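Here is the structure we will look at, set down as structure tokens.
Here, each number is a calculation from the coordinates, and none is a lab measurement. As the structure is a computational prediction, the values presented were derived from the model and not from experiment. Please note: Cβ atoms are built from the backbone with ideal geometry, for glycine as well, and neighbour counts cover all protein chains shown.
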Amino acid sequence: MEKFDCNQIKKLIILFLLSVCLDLLSMNIKVGLYESEPAIFTDASGQPAGFYIDILNKIAADEGWKIEYVKVTWAEGLGHLEKNEIDVVCNMGLIPERIGRFSFPDIPVLNTYSAVYTKEGSGISSILDLKDKSVAVLDGSTHELTFIEFSKGFDLNIRIIPVKDHETAFAIVDRGEADAALTKNITAVPLLKKYRLVKTPIIFNAQVDHFGLGPGDPKGLVEIFDRHLSAMKADKNSVYYAALAQWIEEVKKEPVPRWMWLALSAMGAGLIVFMGINYYLKREVNRKTLSLSKSEENLRITLESIGDGVISTDTSGRIVNMNKTAVELTGWSLEDAQGKPLNAIFRIVNADTRQEVANPAELVIAKGKTVGLANHTVLISKDGREYQIADSAAPIRDDDGNIHGVILVFSDVTIRYKTENEIRTVKEQFEYVLKATNTGFDIIDD
């Protein structure tokens, strides 16, 4: 019978137990793997690849992590991360809607921006060209959220087509099933080589991208990522810069000979000047149109968000605009009120005498300054309801100081006015009782 060396057996047992302990001590990190080349994707051999993967593998090696990649769409990844079913989602833009919903390291990974891509010759070169068009965008992404908010004010009737990944967005535009696609600048680089799309001048949503972590950071990953990213960015020879060079930075082309540059410059000078002037003029028209549209929309949103009633008139005292609160208090719709004299819509009387109060627009135009409404003014709505109101009217002036209208701001103070009257009545009754009684008493606070 073969004899066993007891010491050798003990060593084997100890090594086995150590390996088991090390395996138990190593942290298992689940990472959402979705298709967004070159940031993170599945390569031809079915393995995780990309800029973020290289960084993750380096951190995992240093920390002794075991990384498990879970295949998800972007929207699925966010859902799993929010429930702490996975630990990391890569390439996540840091926007207000996600702060508190997820955890983020302090050190960002990349600076990116979003852009619109379309077929060459589509005629889409500004946000206004997307009117009544369809746009494909990654479902649940910052591109979708910010673009919807960005385009909301222009009344463009854009149809958003949510898709599972960026390549699907490019593919359906290439097939003519959508007019344009949205994606990050870095994600578009490999897709432009596969699909017949071009980048438009429509650029928005500049942001910093991070490793997105689960809410509450249950595994304490924030500190670990911050420590490694800080060290990597400080070392020009680190994995971070090697990954940038491999996945993100564009490959430099062979330099063009000097004589060819001179020839091209001479031949194209006139064309370049012409195109530059044409581009400048078009850009200025688009910029001013966008600025005007945005200003008007901002004004509309502001007026609707104010709790007070707001009415504007022209110099003849005819109504130009009313916000939602003014419509509710006067009982007149904006369509019916526009162009009518203010006193026909804004009927106000003295609460005590029931006499009509002078038209505030006429007073402002005559005096050229702000006019306050008396605190006993009553507004009679179209259906006969009455509201105690307060506030004032002021002139609207242009840059030269000329009056070209009146802005009237008023609020419903019916409840406050009624309460003050009731308090005043009780106080008068109490004072009457005090005077009528001959008995002295003290009021003592406990």
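Things to note:
- Normalised by residue count, the stretch 134-234 yields a Cα convex hull volume of 144 Å³ per residue.
- Which listed pairs, of Lys152/Lys382; Lys71/Lys131; Lys66/Lys164; Lys131/Lys324; Lys133/Lys194, have C-alpha distances above 25 Å, in listed order: Lys152/Lys382; Lys71/Lys131; Lys66/Lys164; Lys131/Lys324
- Extension gain, Asn111-Leu244: 0.36 nm per intervening residue step, less the Cα-Cα distance, totals 46.7 nm.
- Counting 0.36 nm for each residue step from Arg196 to Asn157 and taking away their Cα separation leaves a gain of 11.5 nm.
- A Förster radius of 51 Å, combined with the Cβ-Cβ distance separating Glu63 from Glu97, puts the computed FRET efficiency at roughly 0.95.
- Additional length obtainable on full extension of the chain from Asn28 to Glu149, 0.36 nm per residue less Cα span: 39.7 nm
- With R₀ set to 60 Å, the beta-carbon distance separating Asp235 from Lys369 gives a calculated FRET efficiency near 0.35.
- For the pair Asp314 and Asn185, a Förster radius of 56 Å applied to the C-beta separation gives a FRET efficiency near 0.75, rounded to the nearest 0.05.
- Qualifying GluC sites (Glu not before Pro) for the stretch 147-193 [loop in DSSP, other Cβ within 10 Å: at most 16]: Glu177
- Here the Karplus relation 6.51 cos²θ - 1.76 cosθ + 1.60, evaluated at θ = phi - 60°, turns the backbone of the stretch 102-110 into coupling constants of 10, 9, 9, x, 6, 7, x, 9, 9 Hz, with x for every Gly and Pro.
- With the biggest extent put first, the Cα atoms of the stretch 97-153 measure 42, 22, 18 Å across the principal axes.
- Counted over all Cα-Cα pairs of the stretch 171-225, pairs farther apart than 19 Å make up 50 percent.
- Peptides 235-245, 48-58 ordered by packing proxy, namely the average of other Cβ atoms within 10 Å per residue, highest first: 48-58, 235-245.
- Across the stretch 209-221, computed HN-Hα scalar couplings (Karplus, 6.51 cos²θ - 1.76 cosθ + 1.60, θ = phi - 60°) run 9, 10, 6, x, 10, x, x, x, 6, x, 9, x, 7 Hz from first to last residue, x flagging Gly and Pro.
- Pair Gln355, Asn84: separation of 7 Å Cα→Cβ label points (nm): 7.2 nm
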